[in-house]
């Protein structure tokens, strides 16, 4: 039997990415006793469409993400502070994600797919794909290689760590191979999204739109009628 998953690290580009893509799944993990933490590469300072001053947007969105995480039972949320809209899969980003992996020591990492999902292009924001590419490199080979980013060990005492599973959200349809039934967690997903007031306050139809989307995902993956699903590409790491 495989070892149980005890810790899962979610790595995303922006505040609210995890809640749109995987809040129901995170809720089911927390309910199952898995310790979940978030690593968010930017503070979302380029997001929003109202007149909030730009200098206030990043701190506002950080606070919203912490509130959304609390709805799901996630206590640890870390922000890397990269500029929103300008992420690249740089050595620096790979190192910083590797640091979080070595520090938190997760069995599972959930992040963005580095590929384009042509059917829903909005889910494949360039920041998402850059984060997915950097997180993939951090999972394999960087975080497990004691000679990669040697300063993490020499200066910070962070030993190498091997992640067992990589979960990719917003993967192209042909890559998706796993569905999570989030029917019981759907209301918490909506509550988490509503905590992102700067992003969702205007979306009166948010619940209806997401319910329809997750119903379709469940049908595509042969879940029972009426079920709601979040779907992923799951990659075992040898």
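No value in this document is a laboratory result; all are computed from the given coordinates. Here the structure is a predicted model, which is why all the values come from computation and not from measurement. Positions of Cβ are generated from backbone atoms using ideal geometry, with glycine treated the same way; all protein chains shown enter the neighbour counts.
Structural remarks
- Here the simple spin-label model places points 7 Å from the Cα toward Cβ, and for residue 70 and residue 162 these points are separated by 3.9 nm.
- The chain - percent relative contact order, Cα under 8 Å, separation 6 or more: 24
- Residue order, fewest to most beta carbons within 10 Å, for 174, 133, 115, 56: 174, 56, 115, 133
- Fewest-first ordering of 161, 117 by other beta carbons within 10 Å of each residue's beta carbon gives 161, 117.
- Potential lengthening between residue 175 and residue 120 on full extension [0.36 nm per residue; Cα-Cα distance subtracted]: 18.4 nm
- FRET E, pair residue 6, residue 55, Förster distance 41 Å, beta-carbon r, rounded to 0.05: 0.55
- Between region 164-238 and region 106-137, the C-alpha centres lie 15 angstrom from each other.
- Helical runs (DSSP H, four residues minimum) scored at -39500 (n - 2.57) apiece and divided by the length of the chain put the mean residue ellipticity at 222 nm at -12000 deg cm²/dmol.
- Choice from 182, 26, 197 showing the highest fluctuation, given a GNM over the chain with Cα pairs closer than 10 Å: 197
- Pair residue 209, residue 147: separation of 7 Å Cα→Cβ label points (nm): 5.0
- Rg [Å, one decimal], Dmax [Å, integer] - the chain, C-alpha atoms: 17.1, 54
- Of 183, 88, the sequence from fewest to most neighbouring Cβ atoms within 10 angstrom is 88, 183.
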